[in-house]
Amino acid sequence: MDVIIVAEDEVTRIVLKKILDYFPNKFNILNEMPVRGGKIKSLLMNFNKLSEHNTIIMLTDLDTYDCPPALLNSWFKNFRQNPNFIIRIAVDEAESWLMADREGFAEYFKVPLSIIPNSKILSPIKPHIIEMNFPYKSSLYLIREVIQSTGNKIIKEGIAAIDKTRKGHLYNSTMAPFITYHWNIDNAIKNSYSLVRTIHRLSKI
């Protein structure tokens, strides 16, 4: 199937490509559109129109919304989402999906497994709905705390926080090899219901 992919940053784009590769020989990427997260909502109608003739798969972060339906309701309150415009939402960010492969992430980045949070059940009524239990935004937790504990100087210099808010200058190029060659989706889905939902949705296309 020919698809166009949309992601709000470089790491999210690589994550989405890795997920599509989870389905061998199913998806052919015609075009890749990295878009800054702040601009995605303003371009929604454009992507929606484009999906009338192309299947578009977008991956975005949940960020401050309470749940994925709340995000989608906010985005599409003034127009109807085209069925060929497929939006998947990482709770809370794509980085949380990466760290959901806890053992693989800890081994690759040479950090203690104990510093990567476990997952938690979000609803006692639905105990299968679990996500990673970060104390605050997962990307910030990654650059402020997780990578600070690595013994690998190159990794630390590439990723660690600058002024506590900005990612390291080589963040994308340092994260990319892990995502492409080492991130284990089968392990990650054990700790992320939103990733499970994404895999299930793409399998049904």
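Each reported figure results from applying straightforward, stated rules to the coordinates on display, with no laboratory input. The model shown is predicted, which means the values in this text are computed figures rather than measured ones. Cβ coordinates were reconstructed from backbone atoms using ideal geometry, including for glycine residues, and neighbour counts include every protein chain displayed.
If the condition is being of a type in the set (Ser, Thr, Tyr) and buried (at least 19 other Cβ atoms within 10 Å of the Cβ), then the range 56-77 contributes only Thr60. With respect to Lys49, determine if the residue is touching a helix residue (DSSP H, G or I) at 6+ places or on another chain (Cβ under 6 Å) and either polar (S, T, N, Q) or not in a loop (DSSP other than H, G, I, E, B) (or both). In short, no. Selection of first residues in the range 98-120 that are surrounded by fewer than 23 Cβ atoms within 10 Å (Cβ to Cβ) and of second residues that are in a helix (DSSP H, G or I) and among the aromatic types (Phe, Trp, Tyr), restricted to Cβ pairs under 6 Å at least 6 apart or on distinct chains, gives the following pairs, ordered by first then second residue: Tyr108/Phe178.
Selection over the range 1-34 of residues that are surrounded by fewer than 19 Cβ atoms within 10 Å (Cβ to Cβ) and in a loop (DSSP other than H, G, I, E, B) gives a count of 6.
Listed by position, the helices (runs of 4 or more DSSP H) contained in the range 58-131 that have at least 2 residues being touching a Leu at 6+ places or on another chain (Cβ under 8 Å) and more than 29 Å from Ser173 (Cβ to Cβ) are 68-75. Of the residues making up the range 121-168, those that are within 18 Å of the chain's Cα centre (by Cα), touching a residue at least 40 places away in the same chain (Cβ under 8 Å) and surrounded by fewer than 20 Cβ atoms within 10 Å (Cβ to Cβ) are Ile129, Lys137.
Of the residues in the range 71-85, none is within 22 Å of Asn187 (Cα to Cα) and out of contact with any strand residue (DSSP E or B) (no Cβ under 7 Å at 6 or more places or on another chain).
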